[in-house]
Amino acid sequence: MDFSFDEAQQLFRDSVDRFVAEHYDFETRQRIVATDDGYLPEHWQRFAELGWLALPFPEGYGGLDGTPVDTMIIMESFGRGLVASPYLSSVVVAGHILNRAATEQQKQALLPALSDGSLRLTFAFAEPTSRFDLADVSTTATEDGAGYRLNGYKCVVHYANTAHKVLVSARTTGNQRDPMGVSLFLVDMGASGVSARHYPTIDGQRAADIKLDNVRVDADDLIGDKDHASAFIEETCDHGIAATCAEAVGAMSVLYEMTLEYIKTREQFGKTLGSFQALQHRMVDVFMACELCRSMVYAATCRLTESTAERQCTASAAKVQVGKAGRLVGHEAIQLHGGMGMTDELPIGHYLKRLTMINTMFGDIAYHTARFRRTANYFSL
């Protein structure tokens, strides 16, 4: 498989890298995550002007007909700059659900607004007892005349504080862990019965726990076919995995570069740290971990449009490797920087916090190791 970028993709990558470098240095990033929203609305509008919000969607709905590789390019650059924004939750995840499952009327109403930045979405699928099992849904949606009543509790809903609407997975039939019987609904964050507890996550970004208390939605708010949302949720989360893993590759690359530069200049016992062979070997291990992750993320991204088993297997393989490598690269960066690596004033600890958060998003190492074993027999890597 050829992982090299073509000319257009390389130019696009350079433009995203340039924007992040010019507008998202570490000091600026720290000021941004300290705000109430956790991101800059003017940056969001700039994303819209640059076409990044419209990138994954068809031209007929105001999009640019981009591919998962284009999304990967953006997310890798965001990882390098530790960019905090609702891009993943609103465009990559919630946007993918609408693009794949919504009706023509729903797409015409929602995707252009999502593309121009006037609409922000998020996706509420996790519950306190689900433990990464996407079919484990206890939130219920019961029919009420021409609509539904939603009751339940969703946790760690990313950037719900800035979202106008939230996509909610709810059970319409079956038992709590049945794959069948799950449906998706679009809920206004200001609707009666919706309450949220907002909080910052360990990486400085934002999330919320959302309670749904007898929330009334119309039949037109049903996204996709009733009882058959599980396949779309699984597919969407695999796209989220590829995107977050690309972000992690960007973050790990910066940690490697910063640490390499440090040991080349920092002196101990009259010699630079980089002259000690043991430290050279450790840096080689870090470099190899970063490059292996990059290859696996590129492969997972390219296979997002393949069969379900192939998509799931490569996504899980990338998630496991990124989880392990993120821990290795982050810990080595801190250790080789010494005591200063633990301080908030140095970016290193903040990159490690983001890598730690990415490890838990859409399933951790243990969950995806098990899923890889279940799906790897269906095809040859």
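The values are calculated or read from the model by the stated rules, or taken from the named source; none is laboratory data. Computed from a predicted structure; not experimentally measured. Neighbour counts are summed over all protein chains in view; Cβ atoms, including those assigned to glycine, are modelled from backbone coordinates with ideal geometry.
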Looking at segment 255-288, which of the residues that are under 21 Å from S4 (Cβ atoms) and touching a helix residue (DSSP H, G or I) at 6+ places or on another chain (Cβ under 7 Å) is surrounded by the most Cβ atoms within 10 Å (Cβ to Cβ)? Y256
Residues being more than 16 Å from the chain's Cα centre (by Cα) and crowded, with 21+ Cβ neighbours inside 10 Å: count how many of those fall in segment 295-311. 3
Suppose the filter is of a type in the set (D, E), over 16 Å from the mean Cα position of the chain (by Cα) and under 28 Å from L82 (Cβ atoms); does D220 pass it? no
State all residues of segment 1-32 that are polar (S, T, N, Q) and either touching a strand residue (DSSP E or B) at 6+ places or on another chain (Cβ under 9 Å) or in a helix (DSSP H, G or I) (or both); if no residue qualifies, say none. Q9, Q10, S15, T28, Q30
Hey, among T301, T244, T236, T308, which residue is closer than 18 Å to F362 by Cβ, in contact with a Pro (Cβ under 6 Å, 6 or more places away or on another chain) and among the β-branched types (V, I, T)? T301
Among the residues listed as A146, A113, the single one being surrounded by fewer than 21 Cβ atoms within 10 Å (Cβ to Cβ) and modelled with pLDDT under 95: A146
May I ask you to say which residue of G204, G250 is at pLDDT below 95, under 24 Å from the mean Cα position of the chain (by Cα) and closer than 27 Å to V83 by Cβ? G204
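Per-residue answers, yes or no, for (1) in the same structural domain as L110 (by TED's automatic domain parsing); (2) buried (at least 20 other Cβ atoms within 10 Å of the Cβ); (3) more than 20 Å from V217 (Cα to Cα):
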position: V156; (1), (2), (3): no, no, yes
position: Y159; (1), (2), (3): no, yes, yes
position: A163; (1), (2), (3): no, yes, no
position: A170; (1), (2), (3): no, yes, no
position: Q176; (1), (2), (3): no, no, yes
position: P179; (1), (2), (3): no, no, yes
position: F185; (1), (2), (3): no, yes, no
position: G190; (1), (2), (3): no, no, no
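To keep it simple, each residue is scored yes or no on (1) of a type in the set (A, V, I, L, M, F, W, C); (2) at pLDDT below 95; (3) more than 21 Å from A246 (Cβ to Cβ).
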{"residue": "G323", "(1), (2), (3)": "no, no, no"}
{"residue": "G326", "(1), (2), (3)": "no, no, no"}
{"residue": "G339", "(1), (2), (3)": "no, yes, yes"}
{"residue": "E345", "(1), (2), (3)": "no, yes, yes"}
{"residue": "Y351", "(1), (2), (3)": "no, no, no"}
{"residue": "N359", "(1), (2), (3)": "no, no, no"}
{"residue": "H368", "(1), (2), (3)": "no, no, no"}
{"residue": "A376", "(1), (2), (3)": "yes, yes, yes"}
If you check I210, I233, I241, which single one turns out to be surrounded by 19 or more Cβ atoms within 10 Å (Cβ to Cβ) and either part of a strand (DSSP E or B) or modelled with pLDDT under 95 (or both)? I210
Do any residues in segment 209-230 that are at positive phi and touching a residue at least 60 places away in the same chain (Cβ under 8 Å) have Cβ atoms under 7 Å from those of residues that are of a type in the set (A, V, I, L, M) and surrounded by 15 or more Cβ atoms within 10 Å (Cβ to Cβ), where the two are at least six apart or on different chains, and which pairs are they? G224/A101; G224/L184
